[in-house]
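See below for the structure under consideration.
The values are calculated or read from the model by the stated rules, or taken from the named source; none is laboratory data. This one's a predicted model, so the numbers in the text were calculated from it and none came from an experiment. No Cβ is skipped: glycine too gets one built from the backbone with ideal geometry, and neighbour counts run over all protein chains shown. Surface accessibility is based on the protein's heavy atoms, side chains included, excluding ligands, DNA and RNA. Shrake-Rupley method; radii C 1.70, N 1.55, O 1.52, S 1.80 Å.
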Amino acid sequence: MNSFNELAKDRYSCRKISDRKVEQEKIDKIIESAIAAPTAVNKQPFKIFLMDSEEAKKNIHEVCNYTFGADTFLLLGYTEKEGWVRSFDNRNFADVDGSIVATHMMMEIADQGLATTWVGHFDAPKLKSMYKELADYELIAIFPIGYPTDEARPSHLHAKRKSKEDVFEIL
Ligand SMILES: Cc1cc2nc3c(=O)[nH]c(=O)nc-3n(C[C@H](O)[C@H](O)[C@H](O)COP(=O)(O)O)c2cc1C
């Protein structure tokens, strides 16, 4: 079993994904890990959509160029209607909560030996216009999910991390 530190370092955005079907138990685990994510005041202001039908997959391809060969797509949205609002400055934390949930999903996918990339570059307004179920949600991630192909490798950006000196300071 991976330690979290190994998993955090080994995970990478995989952009070569086979269309082999992802088993339902693995999808269930991803949802479980999403539900386990902490959220401000436990508001859990998010929803996950499995874009499962042929039409749903066609729609994903219509709004997103970053599908990487996958055949399974999870879509994540958060809603400010359910988010905790900090009284000092009226900041709504639903976006932060959504990011934590997405990160849990991404790490669970990696922990299962599956491949994904968090995709934020898609036409969210167009996708929202296709489904009344999405109306309340800000769509922040499409996860194309599958098994990595033999050619799958981390991109050059994966190794390009800031140093400890860049990101850490003792005050
Ligand atoms: C919020 C977010 C949005 C992203 N959107 C995209 C995207 O639309 N397309 C893509 O190819 N990669 C996307 N990525 C992946 C990043 O480019 C990638 O995480 C970064 O380059 C570091 O590489 P690594 O994940 O392999 O370590 C996104 C990542 C995050 C966290």
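Go through the stretch 146-171 and report how many residues are within 14 Å of the ligand (Cβ to nearest atom), under 18 Å from the mean Cα position of the chain (by Cα) and not in a loop (DSSP other than H, G, I, E, B).
2
Identify, from the list 21, 43, the residue that is among the basic types (Lys, Arg) and farther than 18 Å from residue 77 by Cβ.
It is 21.
Give me the pairs, please: first residue somewhere in the stretch 7-30 and among the aromatic types (Phe, Trp, Tyr), second residue anywhere and within 16 Å of the ligand (Cβ to nearest atom) and not in a loop (DSSP other than H, G, I, E, B), beta-carbon distance under 6 Å, and either six or more positions apart or on two chains.
12/158
Among the residues of the stretch 138-171, count how many are open to solvent by less than 90 Å² (accessible area, probe 1.4 Å) and β-branched (Val, Ile, Thr).
4
Scan the stretch 109-132 for residues that are more than 10 Å from the ligand (Cβ to nearest atom), open to solvent by 50 Å² or more (accessible area, probe 1.4 Å) and not basic (Lys, Arg) and jot them down.
If the condition is that a residue be more than 10 Å from the ligand (Cβ to nearest atom), open to solvent by 50 Å² or more (accessible area, probe 1.4 Å) and not basic (Lys, Arg), then 111, 123, 125, 129, 130, 131 are the ones that fit.
Return yes or no: is residue 89 within 16 Å of the ligand (Cβ to nearest atom) and either within 20 Å of residue 42 (Cα to Cα) or out of contact with any Phe, Trp or Tyr (no Cβ under 7 Å at 6 or more places or on another chain) (or both)?
So residue 89 fails the test.
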